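Q: I have a structure here, written as structure tokens, and I will follow up with some questions on it.
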Amino acid sequence: MPRTAMSSSVNTTRRISTNIQTRFSMTRKRSKVFLYQDYVHNNGVLHKRLCETYGSDNVRFCDAADIISGALNESVFLFVMPGGADLYYCEKLNGEGNTKIKAYVEQGGNYLGICAGAYYAAREIDWNKGEIAGSRELAFANAKATGPVYEFLEENDINKSWQNIVDVTIDGERYSALYAAGPVFEGDGLATYSNGQTAIVKNTIGKGTVILSSPHIEYAPKDLSNTTYKHLNTSTEWSTKNIDRFTQNHHSERDLWSRVTKEFA
């Protein structure tokens, strides 16, 4: 990308984040953003994006013990369940933890689930043709979350790279996004993949809003580049092509993260 084009893209993204942050700062009662921490997976990119959008002073990590002790109170604007593996979430949160999350949303809090966080909040999941399957307690979406989408995997093979750059459409607008083994959902939703399957769902639960996103909406091309290594990577060529395609197709004025998170405004 030419230097001038890159500079324009970065400036546009900053303006979008600033505008969202300005709107967010006007929220009086709820101001905190909590990102779930399971101590197993690294969600540094998501944490950085949340800080850029909502202000670093408002964003913090929380774990299962925090949730069970009542951390999700009326001061929390958004609770984010990130990518990872939902069985870790089940182990720590089933029962009292999920009861607290449900109550938080029903009383006006917001929930954003990305990839594993989206599987976790569906009515039931089916991972890898039944390898992991069953109902889930939150059930914020009355739908089965099924994944991965094999046609998005490297050579349609679950034993190879799960990452791909895919098209996501919302209200007729097409966005480029990182896929990393997220689900598709039964029924209609906020966004669809190019194959017509539902990629993102939005629901109202009590007084709160829930968004479940299959793609990693927090990733921009630079984030994918920064987190991709050649060392021990048997899919280096595939990864390089993904970065190139993401860089070419990504338009900051049509930034999927900004488009989705404004649904909470």
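Q: Under 22 Å from the mean Cα position of the chain (by Cα), part of a helix (DSSP H, G or I) and either under 19 Å from Val166 (Cβ atoms) or free of Cβ contacts under 8 Å to residues at least 40 places away in the same chain (or both): does that describe Thr228? Please lay out each step first, then the result.
A: Working: under 22 Å from the mean Cα position of the chain (by Cα): yes; part of a helix (DSSP H, G or I): no; either under 19 Å from Val166 (Cβ atoms) or free of Cβ contacts under 8 Å to residues at least 40 places away in the same chain (or both): yes.
So Thr228 does not fit the description; no.
Q: Looking only at residues in the stretch 172-190 that are within 23 Å of Phe140 (Cα to Cα), in contact (Cβ under 8 Å) with a residue 60 or more places away in the chain and outside any loop (DSSP other than H, G, I, E, B), which one is nearest to the chain's Cα centre (by Cα)?
A: Among residues in the stretch 172-190 that are within 23 Å of Phe140 (Cα to Cα), in contact (Cβ under 8 Å) with a residue 60 or more places away in the chain and outside any loop (DSSP other than H, G, I, E, B), the one nearest to the chain's Cα centre (by Cα) is Ala180.
Q: What is the one condition in (1) buried (at least 17 other Cβ atoms within 10 Å of the Cβ); (2) under 17 Å from the mean Cα position of the chain (by Cα); (3) free of Cβ contacts under 8 Å to residues at least 40 places away in the same chain that Thr169 does not satisfy?
A: Here Thr169 clears every test but (1).
Q: If a residue must be within 20 Å of Gly84 (Cβ to Cβ) and touching a His at 6+ places or on another chain (Cβ under 6 Å), how many such residues does the stretch 205-264 contain?
A: So the answer is 0.
Q: Does Lys92 satisfy being assigned to a loop (DSSP other than H, G, I, E, B), charged (D, E, K, R) and over 15 Å from Gln197 (Cα atoms)? Before the answer, list the steps.
A: Details: assigned to a loop (DSSP other than H, G, I, E, B): no; charged (D, E, K, R): yes; over 15 Å from Gln197 (Cα atoms): yes.
It is false that Lys92 is assigned to a loop (DSSP other than H, G, I, E, B), charged (D, E, K, R) and over 15 Å from Gln197 (Cα atoms).
Q: Go through the stretch 41-72 and give me each residue that's in contact with a strand residue (DSSP E or B) (Cβ under 9 Å, 6 or more places away or on another chain) and outside any helix (DSSP H, G or I). Can you show your working first?
A: Taking the stretch 41-72 as the starting set, the residues that turn out to be in contact with a strand residue (DSSP E or B) (Cβ under 9 Å, 6 or more places away or on another chain) are 43, 45-47, 50-51, 53-55, 58-64, 66-67, 71-72.
Selection gives Asn43, Gly55, Val59, Arg60, Phe61, Cys62, Asp63, Ala71, Leu72.
Q: Can you tell me which residue in the stretch 150-166 is surrounded by the most Cβ atoms within 10 Å (Cβ to Cβ), limited to those that are out of contact with any Ser or Thr (no Cβ under 8 Å at 6 or more places or on another chain) and under 16 Å from Lys129 (Cβ atoms)? Working first, answer last.
A: Our first condition is that a residue be out of contact with any Ser or Thr (no Cβ under 8 Å at 6 or more places or on another chain); within the stretch 150-166, this holds for 150-152, 155-159, 162, 164.
Now drop any that are not under 16 Å from Lys129 (Cβ atoms), which leaves 150-152, 156-159, 162.
Numbers: Tyr150: 13, Glu151: 11, Phe152: 24, Asn156: 11, Asp157: 10, Ile158: 15, Asn159: 9, Trp162: 19.
The extreme case among them is Phe152.
Q: Give the number of residues within the stretch 128-145 that are surrounded by 21 or more Cβ atoms within 10 Å (Cβ to Cβ) and under 20 Å from Leu178 (Cβ atoms).
A: Adding up the residues that qualify gives 1.
Q: Regarding Glu173, is this residue within 13 Å of Thr146 (Cβ to Cβ), touching a Lys or Arg at 6+ places or on another chain (Cβ under 9 Å) and of a type in the set (D, E, K, R)? Full working, then the answer.
A: Values: within 13 Å of Thr146 (Cβ to Cβ): no; touching a Lys or Arg at 6+ places or on another chain (Cβ under 9 Å): yes; of a type in the set (D, E, K, R): yes.
Here the answer is no, as Glu173 does not meet what is asked.
No value in this document is a laboratory result; all are computed from the given coordinates. Just so it is clear, the structure is predicted and the values come from calculations on it, not from any experiment. Note: ideal-geometry Cβ built from the backbone for every residue, glycine included; neighbour counts use all protein chains shown.
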